[in-house]
Structures are given as C-alpha cells and as structure tokens.
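Below: one structure, written as structure tokens.
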Amino acid sequence: MLRPDSISEAVSLHHRYGDESRYFAGGTNLLYMMKRGVRSPHYLIDINSIKNLNYIKFDEKNGLKIGALTKICQLERSEEIKSRLPVVADAASSIASPQIRNVATVAGNLVQEVWCWYLLEGYDCWLNKGKYCYAPEGDNRFHHSILGGNLCFAVHPSDLAPVLTALDARITVQGASESRIISPKQLLPGFFKRDGNVEQNALEPDEIITEIRIEPLWQEYTGVFLKHAVRKSFDFALSSVTLLALVKEDLWEDVRIVLGGIGNTPYRAEKLEEALRGKRLTEELVTKAVEEKTFQKTIPLVMNAYRVRLTTALVKRAIGQVLQPGT
Ligand SMILES: Cc1cc2nc3c(=O)[nH]c(=O)nc-3n(C[C@H](O)[C@H](O)[C@H](O)COP(=O)(O)OP(=O)(O)OC[C@H]3O[C@@H](n4cnc5c(N)ncnc54)[C@H](O)[C@@H]3O)c2cc1C
C-alpha cells in the first residue's frame, strides 16, 4: 500500500506503476473485486492520505463543491446539501447500506466497476480480458441494459451518476501532465462513456478525480430521486429516476429527467423533457408523454422487459410528486 501526501505524488505513482496499480479510496468496490479475484493490482495507492480532498462547500458564485474523498454518508447528512440540493442527499441515502456509505467516497461511486454476475464470477467476458458477453443469452433479470449494448450489456451501477448528470456537474481530474474539467456536455456520453464497450469511463488510467462542482442555479429546481431495487434497504437500482423541475405558477418552465440503472450510461429522456417543458401539466398529458416519449427505443433482453414498464411507472410517480408534493 502506497500512501502519497499529495495529488501530484499519487498521480506520479500511478504513472510509474501503470496497470499494476489502482487508486484506493473507500475500498468498497476495489476490495470486493480483489477478494473475488477479478482484479489483482500489485500496488494500491491509498489516496486517503492526501489532505483536503474531503469537503462540501457552497458559495453563491460557484455553487456546490464536493471533494473527491467526501464520503457518501456526508452527502446524505450535510445540512448544506439537504437544504440546497436535497435530491443529492436522497440519492446518497439510497446507496448500499449505512456501513458502506460510511466508507465509500463520491469519486469511488462514479468510478466503481459494473455489477454484473458474469464479471464478478470471473467469466472471461469483455471486462475480464475475454471476447464475449454472457448476459444476452444468460441470466439477465437484473443488472443488464434494456437499451441495448454493444460489446457489454452491464448497466452503469452508480446512483450518483444520473443525479450528477441531471445537475450538469463538472468533474475536475488531475493527470500526469494536466488538470482538466469534464464539462456537463462531456458527461454524456463522455465521462460515463461505456456505450457498450470495454472502457468503464473516460478517465485516463492515471487520472484522479479531485472535485465535483454543481452550479448554484439548480437550487431553484424541485428535485425528486426515485429508485427501485430488489432489496430496498441495500441494493443497486433496477431503475432510478432523477427529475428536476422549475415550476412557476403551475407552469413547467424547465425540466430535466435522467434515468439510471437501465443502460450502459445514465440516460437523459430528452424527448420527454421537450414534451413537458413550457406546459401546465394534466394527468392526461403526463400519461401520454411518459408512455410515448420516455424512450425512443428499448431493446430489452429476454428476462428484463419488465424494467421498461417499471421505469415509466417511476417516471410518472416522480412527476406526480412534483405536481402533488407528499404523494
Ligand atoms: C453490497 C453493495 C451494495 C451496493 N449498492 C450500491 C447502490 O445501491 N448504489 C450505488 O451507487 N452503489 C452501490 N454500491 C457500490 C458502492 O457505492 C461503491 O463500491 C462505492 O461507492 C465505491 O467507492 P469507494 O470509495 O469505496 O471506491 P474504491 O473501492 O476505493 O474504488 C472504486 C474504483 O474507483 C477508483 N477511484 C476511487 N477514487 C478515485 C478517484 N478520486 N479518482 C479516480 N479513481 C478513483 C478506484 O481505483 C477503483 O477502481 C454497492 C456496493 C456493495 C458492495
């Protein structure tokens, strides 16, 4: 275990040891993969020794800044987040179990590997140096795409990813030669770029996430995060909905809808947003728009078509919660 004092030292250690090394934050994903023998890095670069990467700060000009090593439980409990962007706290509190949220970090949640039984069981799939995806012909009841895949059908597992996508978050990363900001436009499909391929995100191997920023304007939106999982207290999403709505005197001036847990990346339901934007919503309009516009196309596998209906039901419920708070 290597314990760098600074971001630059961490990056240069990763640069030196390349594929043989991995950053280690909370370890909840990495150690899980190592215990199952799926990953076996020779060097763990423990970034917890770097000071000043754990913070939640807000100011009116720059908005919310979240350090990469901030724990998920801090997002859940922060008064700053609960009062300004409760949708982030709601998503955080839906993740895994309290024990995992106490150690898992925000950056680790975005970079975690996919949750596919074939990968976890050590099958020689695309993500495990093989040349095959077992999911389309195998057991695809739970964590596989309903939007098609290319090489790999595993879904992006993070619950924070769709929320941060909806909020146009900016991710700051530091590499060996430069620091860069992954802008909102690049988030989809940029950062979460799996797109059915083998890469799990757009980070260069030695790049480290240092900060996540969210603009102050989103405080004015009403946010809803809904998630359905097999075990509600402790599981990955079979489907999740992040809805942000700017509603003035019943007029839906603006709306964002991003779905999680159903595709290789978070999925932005842009056609549905268009159908709702600038309207005063009635039950009839919502039902028709959700049924017809949520997806342009779905490509469910043999056992997971039920998640298309599950998702549209969640979307309707999320809209209903904005129209009639408390429902
Ligand atoms: C039983 C169980 C249930 C779960 N349920 C959910 C769930 O419902 N929803 C959900 O979203 N997640 C869920 N998870 C996943 C969990 O949230 C992640 O394991 C956790 O967020 C990873 O964070 P970590 O800090 O522990 O990352 P680590 O395990 O330390 O790292 C994970 C990956 O991220 C890389 N990494 C870490 N930090 C950085 C950084 N700053 N820059 C670049 N790379 C970095 C590491 O190298 C590694 O590849 C579950 C996990 C388990 C074990």
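Only Cα pairs under 8 Å and at least 6 apart count here; give the relative contact order of region 222-323 as a rounded whole percent. Mind dumping the intermediate values first?
Working: 161 pairs, mean separation 25.6, N = 102.
Once divided by the residue count of region 222-323, the mean separation gives 25 percent.
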request  = Towards the positive end of the charge dipole of the chain, with charges on Cβ (+1 Lys, Arg; -1 Asp, Glu), say which of ALA135, LEU53, TYR17 has the farthest Cα.
outcome  = ALA135
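Starting from 0.36 nm per residue, how many nanometres of slack lie between ARG3 and TYR43 once their C-alpha separation is accounted for?
Numbers: separation 40, 0.36 × 40 = 14.40 nm, distance 1.04 nm.
Length gained between ARG3 and TYR43: 13.4 nm.
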inquiry  = Can you compute the equivalent ellipsoid semi-axes for region 222-323, i.e. the square root of 5 times each eigenvalue of the Cα gyration tensor, sorted largest first and rounded to whole Å?
reply    = 24, 15, 11
message = What whole-number distance in Å separates the alpha-carbon centres of region 142-159 and region 225-240?
response = 15
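Where both residues lie in the chain, what percent of DSSP beta bridges are antiparallel, nearest 5? Kindly include the intermediate steps, with their values, before the conclusion.
Details: 39 of 45 bridges.
Antiparallel bridges: around 85 percent, rounded to the nearest 5.
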Evaluated at q = 0.10 Å⁻¹: base-10 log I(q)/I(0), Debye formula over Cα of region 1-156 = -0.46
request  = Could you give the C-alpha radius of gyration of the chain expressed as a fraction of 2.2 N^0.38 Å, taking N as the number of residues it contains?
outcome  = 0.98
message = Can you compute 3J(HN,Hα) from phi for each residue in region 88-102, using the Karplus curve 6.51 cos²θ - 1.76 cosθ + 1.60 with θ = phi - 60°, rounded to whole Hz and x for Gly and Pro?
response = 5, 5, 5, 5, 4, 6, 8, 7, 6, 10, x, 4, 5, 5, 5
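Take every Cα pair under 8 Å in the chain that's 6+ residues apart, average their separations, divide by the length, and report that relative contact order as a whole percent.
Numbers: 686 pairs, mean separation 56.7, N = 327.
Computed value for the chain: 17 percent relative contact order.
Helix-derived [θ] at 222 nm for the chain: sum -39500 (n - 2.57) over DSSP H runs of at least 4, divide by residue count, nearest 500? List each step's numbers first, then the result.
Details: 12 runs with 96 residues, N = 327.
Dividing the helical sum by the residues of the chain leaves -8000 deg cm²/dmol.
With Cβ to Cβ distances under 13 Å as the rule, what net charge do the other residues near THR294 carry (K, R +1; D, E -1)? The partial results should precede the final answer.
On the way: positive: ARG268, LYS271, LYS288, LYS293, LYS297, ARG307, ARG309, LYS316, ARG317; negative: GLU270, GLU273, GLU274, GLU291, GLU292.
Charge balance in the 13 Å sphere: +4.
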query = Counting other Cβ atoms within 10 Å, which trypsin sites (Lys or Arg not before Pro) in region 123-155 have at most 12 and lie in a DSSP loop?
reply = LYS129, LYS131
remark   = Expected vector for region 108-117, Karplus 3J(HN,Hα) from phi with 6.51, -1.76, 1.60 and θ = phi - 60°, integer Hz, x for Gly and Pro, equals x, 5, 6, 9, 3, 7, 5, 10, 10, 4
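Read-outs: derived from the displayed coordinates by stated rules, not from any lab. Note that the coordinates shown come from a computational prediction; the quantities given were computed from them, not determined experimentally. All Cβ positions, glycine included, derive from the backbone under ideal geometry; neighbour counts span all protein chains shown.
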